[in-house]
Structure formats: C-alpha cells, structure tokens
Protein chains: 2
Amino acid sequence: MAISGQHLTLEAFLRLPEQEPALEFKEGKVTQKVSPTGRHSRLQTVLVERLNRFAEPRKLALAFSELRTTFGGASSVPDVAVYRWDRIPVDEQGQVVDTFVEPPDLAVEIASPGQSTTGLVRRCLWYVANGVQVALLVDPDDESVLVFRAEQAPQALRGPDKLGLGDVLPGFELSAQEIFDSLRVY
Amino acid sequence: MAISGQHLTLEAFLRLPEQEPALEFKEGKVTQKVSPTGRHSRLQTVLVERLNRFAEPRKLALAFSELRTTFGGASSVPDVAVYRWDRIPVDEQGQVVDTFVEPPDLAVEIASPGQSTTGLVRRCLWYVANGVQVALLVDPDDESVLVFRAEQAPQALRGPDKLGLGDVLPGFELSAQEIFDSLRVY
C-alpha cells in the first residue's frame with residue numbers, strides 16, 4: 001500500500017521512525033506492509049522455526065523474521081530473510097549488527113488474503129535481480145510456493161513437491177504440503 | 001475454482017457441454033473460469049483489438065478471445081490466444097477449424113478482482129512449459145504485466161515499459177501504460 005505521494009531519498013526514508021506494520025522504500029516511494037493475519041503469522045513462524053532448527057546447529061545459516069534489509073537502492077522487510085552463516089553481519093564482539101545492508105541469500109514473502117500476489121511476484125523478481133539467491137512466494141490460498149532465482153524460470157511447487165534449496169541450505173528438505181499442513185491445528 | 005472432486009479423463013471432459021464461464025481441465029480436475037467483470041472484459045477486448053488491428057492486415061497472426069485450446073494433456077481457455085498466421089488451423093476450405101489442439105504462440109490471462117494471481121502465474125508457467133512461446137499475466141489492480149517465456153526469468157512491466165513480442169509479432173508495440181489507460185473512459 002502506497003502511503004506517501006511525495007518522493008523521498010533513501011537516506012531520508014531511513015531516518016523515519018519505524019512503524020508497525022513496517023514501512024518499505026523503493027524508487028522514491030514509501031509503502032507499508034500488509035497487517036499480518038493468522039495464517040500469515042503462522043506460516044512465517046513455522047518457516048523461521050524449520051529453517052533455524054536445521055541451519056543453526058549446523059552453523060549453516062540464520063533465518064530472521066521481519067528484518068529490515070537495505071540494498072539495491074531500496075529498503076525492504078521480507079517476511080523471512082535467511083543469511084548463510086559466513087554472511088551474517090556481526091560487530092567486533094561477534095554480535096549480530098542492527099543494520100543489514102547486504103541482500104539475504106533467501107527471502108520469503110507470504111501472501112495475505114486480498115493482497116495482490118502480482119505485486120509480490122514483482123518483489124521476488126526484484127530480490128533475485130538485486131543479489132538475493134532464492135526468493136519464495138508462499139500463497140496459502142493457492143497452497144503453492146513459487147521459487148524464483150536470477151535469470152531462471154520460476155518453479156511452482158504444490159503438494160509433495162520439495163523446496164530445492166541446495167544452493168543456500170544443502171540438505172534442507174521441506175515440501176509445499178508440509179508448509180501448508182502447518183496451518184491445520186489438531 | 002474447482003467444481004468437481006471427481007477425476008475425469010481428458011476425453012470425458014471434452015464430451016461435457018460447454019458452460020459459461022468456460023470449464024477447464026488439468027490433471028484430472030475440472031475448474032470453471034471466473035465470471036468476467038467490467039475491467040476484465042474491457043482489457044480483453046482492447047488487447048484482441050490492438051493485436052488484430054496490427055496483425056491481421058499484415059497476415060502475421062490472429063488473436064482469439066475465449067478460445068478453447070486442448071494441448072499438453074489439458075484443456076484451457078486463455079482470455080486471449082494468438083496464433084501466428086501459418087499456425088492458424090484451417091480446414092480444406094481455408095476456414096478456421098473449431099477444435100484447436102496446438103498451443104497458441106501467445107496466451108494472455110487477465111486477473112479478476114479477488115482472484116489468486118498466484119494461480120494465474122502457475123498457469124502462465126504451465127503454458128510456456130507446454131509449447132506456448134509467450135504468456136502474459138495482465139493485472140489491473142497492480143497495473144502491471146508479467147511476461148513469461150520458457151526457461152527464462154519473467155519480466156515485470158509497468159508504466160512506459162513496452163511488451164517485447166518480437167518473437168511472435170515483429171513490429172508490434174504496446175506499453176503497460178497504454179493497456180491500463182484503456183480502462184479510463186473520457
């Protein structure tokens with residue numbers, strides 16, 4: 001959702017106070033993320049958990065939810081951002097820094113009800129054109145995951161189709177079905 | 001929208017009477033197209049007109065709206081299907097046949113309000129994986145056009161970005177802006 005008709009510089013945008021839902025910036029325009037809903041929140045949580053349960057003990061990567069990332073002249077807050085271990089920015093004390101200015105290795109966007117997924121497709125295309133290795137669009141209404149890589153045709157995954165993330169997280173396995181099954185609470 | 005839980009063969013599906021909106025068939029499932037709305041109808045009309053105004057006098061191609069096409073084991077009704085002149089199926093009298101069993105060169109899907117565009121993205125990916133040269137997803141809410149080609153990253157067009165359809169319709173020019181401007185009636 002566009003919330004400002006005025007054109008801002010990236011520097012001026014980054015001085016704005018943080019809001020909830022987060023503000024984002026691209027091509028001079030400020031937009032606000034969609035308010036998260038139940039399914040969105042559940043999928044975001046599950047994905048971060050599944051990714052970290054695999055990647056953290058192996059020191060392969062860390063998954064962050066709602067992390068501001070500023071690169072490619074824009075400032076975005078992917079629903080999930082994954083950085084491989086050696087790319088996680090840390091300070092001299094080895095602590096994670098607050099300001100991330102490198103593209104994540106994996107960025108995930110989760111569709112909310114009534115949200116234009118075409119806009120999310122454009123966002124995923126922008127991610128992979130600007131240094132993100134893999135971008136995922138997870139759509140609970142369609143029960144499908146679109147997988148984007150730079151200069152490649154996207155893949156559409158449903159049911160038993162597995163996320164092939166070997167380039168980012170070798171050995172990590174998750175199917176579309178497992179993702180959407182997490183929405184069912186027994 | 002899925003309208004049947006029963007699995008059918010393609011042959012059994014093709015014996016069903018035509019309905020309005022059209023029924024479609026893929027992977028054993030029958031679905032029904034979304035009822036067209038004002039903007040959808042306007043965009044469909046404008047695209048067919050613009051394509052035919054250019055392509056018909058030059059004997060380059062013909063654009064058909066709501067044409068049933070059966071190929072790749074499925075039966076779909078793209079909002080617009082374009083066949084290059086020498087691929088238009090004709091009978092011995094040179095008349096267009098009724099049953100199209102070859103993929104169009106260009107297939108266009110137009111998003112309707114409230115429709116999952118992720119499903120339309122999957123459909124466009126299916127088209128280009130099954131012999132369609134170029135598939136377009138036109139989204140009036142997002143005022144963007146996604147352009148799909150086999151084994152290539154999709155392009156996202158907005159504003160002055162031009163459709164590059166040189167491989168199908170050399171010389172044809174149309175920008176995203178011109179497409180969506182046609183929704184404004186003065």
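Annotations for the structure displayed:
- Across identical copies of the chain, B:Gly164 has label-point separations of 2.6 nm, listed in ascending order, with the point defined 7 angstrom from Cα along Cα→Cβ.
- Principal semi-axes in Å for chain A [√(5λ), Cα gyration tensor, largest first]: 25, 21, 16
- Radius of gyration and maximum dimension Dmax of the stretch A:13-90, Cα, Å: 14.0, 40
- Rounded if a/c under 1.5, otherwise prolate or oblate - the protein assembly as shown, Cα gyration tensor axes: prolate
- Using a 7 Å Cα-to-Cβ projection, B:Arg184 label spacings across copies, nm, ascending: 4.9
- Counting Lys and Arg as +1 and Asp and Glu as -1 over every other residue whose Cβ lies under 13 Å from the Cβ of A:Glu56, the net charge comes to +4.
- J(HN,Hα) series, the stretch A:137-153, from Karplus relation 6.51 cos²θ - 1.76 cosθ + 1.60, nearest Hz, glycine and proline x: 10, 9, 10, x, 5, 8, 6, 9, 10, 9, 10, 10, 10, 4, 6, 10, 5
- Residues B:Asp167 and A:Glu18, FRET efficiency given R0 of 30 Å [Cβ-Cβ distance, rounded to 0.05]: 0.05
- Label-point distances for B:Ala150 to the equivalent site in the other copies, using a point 7 angstrom along Cα→C-beta, read 2.6 nm when ranked shortest first.
- Counted over chain A, the DSSP beta bridges are approximately 85% antiparallel.
- Amide H to amide H, with H built 1.01 Å from N, B:Glu24 comes under 5 Å of B:Thr31, B:Gln32, B:Lys33, counting only residues 5 or more places away or on other chains.
- Label separation (A:Arg87 vs A:Asn52): 2.0 nm, computed from points 7 Å beyond Cα along the C-beta direction.
- Considering only A:Phe64, A:Phe148, A:Phe172, the Gaussian network model of chain A with Cα springs below 10 Å gives its largest mean-square fluctuation to A:Phe172.
- Among B:Asp79, B:Asp91, B:Asp142, residue whose mean-square fluctuation peaks in a GNM of chain B (springs only between Cα atoms under 10 Å): B:Asp91
- Residues whose placed amide H lies under 5 Å from that of B:Glu66, excluding near-sequence neighbours: B:Val80, B:Ala81
- Checked against a 29 Å cut-off, the cross-linked pairs A:Lys162/B:Lys26; A:Lys26/A:Lys162; A:Lys26/B:Lys162; B:Lys33/B:Lys59 give Cα-Cα distances beyond that limit for A:Lys26/A:Lys162; B:Lys33/B:Lys59.
- Per-residue mean of C-beta atoms belonging to partner chains within 10 Å, peptide B:111-123: 6
- Rg to Rh quotient for the stretch A:111-186, alpha carbon positions, Kirkwood Rh: 0.98
- Karplus-derived 3J(HN,Hα) values for the stretch A:159-170, using 6.51 cos²θ - 1.76 cosθ + 1.60 with θ = phi - 60°, are x, x, 4, 9, 4, x, 10, x, 6, 9, 10, x Hz; glycine and proline are entered as x.
- For chain B, modelled as a GNM whose springs connect Cα atoms under 10 angstrom apart, the maximal fluctuation among B:Val128, B:Val108, B:Val82 occurs at B:Val128.
- Over 19 Å [Cα-Cα, the stretch B:77-131], rounded percent: 37 percent
- Distance from the axis that maps chain A onto chain B is least for the Cβ of the chain A residue given, with the whole Å value, as A:Thr117, 2.
Just so you know, all these numbers are worked out from the coordinates, no wet-lab data involved. Please read all numbers here as calculations on a predicted model, not as lab measurements. No Cβ is skipped: glycine too gets one built from the backbone with ideal geometry, and neighbour counts run over all protein chains shown.
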